[in-house]
Amino acid sequence: MTLSKSKYIQALQCHKALWLNKHRPELKGEYDGNRLDVIKSGNTIGELAKDLFPGGEEIEFNRDDFKGMLSKTKDLVAEGKDVIYEATFSEKGIFAMADILVRNEDKWDIYEVKGSTSVKDVHVDDAAVQWYALSKVLELNNAYIVHVNNEYVRKGDLDVHALFTIENITEDVLAKQEEIPKQLKEMETVLDGKMPEIKIGKHCSNPYECDFSDFCWKDVPYPSVFNISYAMGKQWSLYEQGIVKIEDIPDDFYFGPNASLQIKHHHSQEIKIDKSEIKEFLDTIEYPINFFDFETFQNVVPRFDGQRPYAQMPFQYSLHILHEDGRLEHKEFLGDENCDPRRPLAQQMLKDLTPRGSIAAFSQGFEKGQIRRLAEFVDDISEELLDLTERFVDIAHPFQQKNYYHPGFNGRYSIKVVLPTLFPNDDELDYKKLGSVQNGGDAMDTFANLYLLKDVCKRDQIRKDLLAYCRLDTLAMVRIWEKLHTFL
Ligand code: SF4
């Protein structure tokens with residue numbers, strides 16, 4: 001048996017996943033067709049990390065010629081090459097590619113490159129199995145994880161030495177060597193046998209979301225004990241007792257106040273409306289009301305000065321202004337994908353928002369946080385920006401505080417849950433009726449990579465889709481605000 005490193009890691013998470021992968025690969029979850037597939041990602045972390053050890057030779061990946069990859073690696077080692085990228089080995093039942101292999105006098109160091117901002121347990125397992133295989137043919141010195149340094153702030157040219165942090169994990173890797181052959185033996189037995197009887201559990205999403213969740217979780221109804229909000233892991237003790245449906249939760253089982261309310265309304269299917277609290281909240285909102293929403297993107301590798309890896313970068317907003325006479329205006333901003341959008345966005349935002357009146361957001365913490373970060377970056381207008389944060393009201397408040405609770409919320413109160421529950425079958429407010437951008441994740445990924453798209457027509461269409469998506473977020477807030485008045 002030869003396992004790839006990734007299959008070994010999958011098997012550590014769950015033997016059943018390893019078995020399914022080999023014997024029933026067709027049961028893997030479907031690819032989400034809504035996600036945009038038109039844009040290739042930019043410079044990968046792996047490519048950039050090679051600059052930490054320049055002058056190396058790369059083993060090109062060729063799925064039709066693994067033998068060629070293995071023999072080229074051997075040749076480079078024999079020739080005395082000092083740095084090899086994607087060095088490929090198949091030893092002791094493991095097929096592995098080392099991201100960067102560096103000669104260290106007469107031994108070798110292994111560098112595994114990760115896009116995370118810290119070393120995770122799974123990275124140690126990953127490097128450990130790599131070490132296990134490579135140690136058969138090479139004398140190894142140290143194992144390192146190269147990960148992203150999220151304290152790095154770009155200034156001018158990219159500084160790869162500052163972008164990455166290198167951590168020595170040799171001790172942890174050596175500590176795992178004894179268990180690996182035992183694990184491999186067990187995995188071999190699993191693959192040769194029947195499908196292991198492994199129940200669903202926390203391991204289904206730890207460390208990775210399992211490919212076979214659709215299959216293993218198919219008998220779990222919606223909603224179930226796993227949809228109880230603020231359950232703090234207690235749902236697993238119910239599951240262990242064979243309780244999956246919310247209606248089967250014993251009366252004396254206490255999750256906490258939020259979950260109890262959710263369970264009570266699930267049973268009764270009644271809507272809770274606290275008129276006086278809702279009125280008190282609505283009375284705090286002043287005209288003209290600025291319904292406001294940001295979209296942000298993230299880059300692992302900062303593209304602009306003053307940007308950190310993974311920093312949330314606002315690039316777009318939508319603004320519906322409701323005047324006291326009932327007039328509804330719409331304004332919007334969508335940054336140029338080729339430039340840092342923060343300054344033009346901040347300047348336009350200050351012009352578009354009315355000088356007085358409330359600024360309404362849904363879960364205001366996000367918008368206020370973005371404005372505070374903008375104020376640090378565009379410091380010549382920071383005072384004006386910070387003043388805006390004083391005017392915010394949170395349209396999510398009555399839902400978060402359970403002043404209004406609908407059993408259809410199933411314990412949640414995001415706009416994507418509240419809106420279709422309050423307005424079922426309303427095409428104007430249906431995110432699924434939008435184009436290629438239907439949620440914040442789509443918007444984030446799309447804009448982050450939009451500058452790489454060469455097709456101008458496609459790019460223009462995507463920009464229209466981004467505008468339509470963000471516009472719906474603020475229109476939704478207007479409609480929710482109107483709806484709240486009808487409850488009084
Ligand atoms: S969904 Fe859970 S139980 Fe099923 S294979 Fe994956 S990890 Fe194992």
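The values are calculated or read from the model by the stated rules, or taken from the named source; none is laboratory data. All values reported here derive from a predicted model rather than from experimental measurement. Cβ sites come from the backbone with ideal geometry, for glycine too, and all protein chains shown count toward neighbours. In case anyone asks, the SASA skips ligands and DNA or RNA and just uses the protein heavy atoms, side chains included. Shrake-Rupley method; radii C 1.70, N 1.55, O 1.52, S 1.80 Å.
Brief remarks follow.
- Cα-based shape type of the stretch 144-288, given that a ≥ b ≥ c are square roots of the gyration tensor eigenvalues and the cut on a/c is 1.5: oblate
- Amide H within-cut-off set for residue 255, under 5 Å, with H built and near neighbours excluded: 260
- Only Lys, Arg (+1) and Asp, Glu (-1) charged, at Cβ; the stretch 1-151 dipole about Cα centre in debye: 720
- Carbon/sulfur fraction of accessible area - the chain, other protein chains in place, 1.4 Å, %: 47
- Proximal charge balance of residue 348 [Cβ under 13 Å; K/R count +1, D/E count -1]: 0
- Where the chain is the region considered: accessible area per residue in Å², 1.4 Å probe: 50
- Residues whose amide H falls under 5 Å from that of residue 58, counting only those 5 or more places apart or on a different chain, are 85, with hydrogens built in the peptide plane.
- DSSP-assigned coil residues among GluC sites (Glu not before Pro) in the stretch 174-272, each with at most 14 further Cβ atoms within 10 Å: 178, 197, 209, 270
- Applying both filters, DSSP loop and at most 12 other Cβ atoms within 10 Å, to the GluC sites (Glu not before Pro) of the stretch 78-130 gives 105.
- Amide H contacts of residue 359 (H built 1.01 Å from N, under 5 Å, at least 5 apart or other chain): 290, 392, 393
- Karplus (6.51, -1.76, 1.60) ³J(HN,Hα), θ = phi - 60°, over the stretch 226-240, in Hz, Gly and Pro reported as x: 7, 9, 6, 6, 6, 7, 6, x, 5, 4, 5, 5, 5, 4, 4
- Under the Karplus curve 6.51 cos²θ - 1.76 cosθ + 1.60, θ = phi - 60°, whole-Hz ³J(HN,Hα) for the stretch 170-182, x wherever Gly or Pro sits: 4, 4, 5, 5, 5, 5, 9, 5, 5, 6, 4, x, 5
- 222 nm mean residue ellipticity, helices alone, for the chain (DSSP H n ≥ 4; -39,500 (n - 2.57); rounded to 500): -11500 deg cm²/dmol
- Projecting the Cα atoms of 334, 304, 321 onto the dipole axis of the stretch 298-366, where Lys and Arg carry +1 and Asp and Glu carry -1 at the beta carbon, places 304 farthest toward the positive end.
- Cα gyration tensor shape of the stretch 332-423, rounded if a/c is under 1.5, else prolate or oblate by comparing a/b with b/c: prolate
- Rounded, prolate or oblate (a/c below 1.5 giving rounded, otherwise prolate when a/b exceeds b/c) for the chain by Cα gyration tensor: oblate
- Bridging of residue 218 to aspartates and glutamates at a Cα separation below 18 Å is possible for 26, 30, 32, 197, 209, 240, once same-chain residues fewer than 8 apart are set aside.
- Neighbour-limited loop hits for trypsin sites (Lys or Arg not before Pro), the stretch 94-145 (at most 16 other Cβ within 10 Å; DSSP other than H, G, I, E, B): 120, 136
- Magnitude of the charge dipole for the chain, about its Cα centre and with charges confined to Cβ atoms of Lys, Arg (+1) and Asp, Glu (-1), is about 920 debye.
- Label-point separation, residue 121 to residue 275 (7 Å along Cα→Cβ), nm: 5.4
- Separation of alpha-carbon centers, the stretch 120-135 and the stretch 333-386, rounded to whole Å: 45
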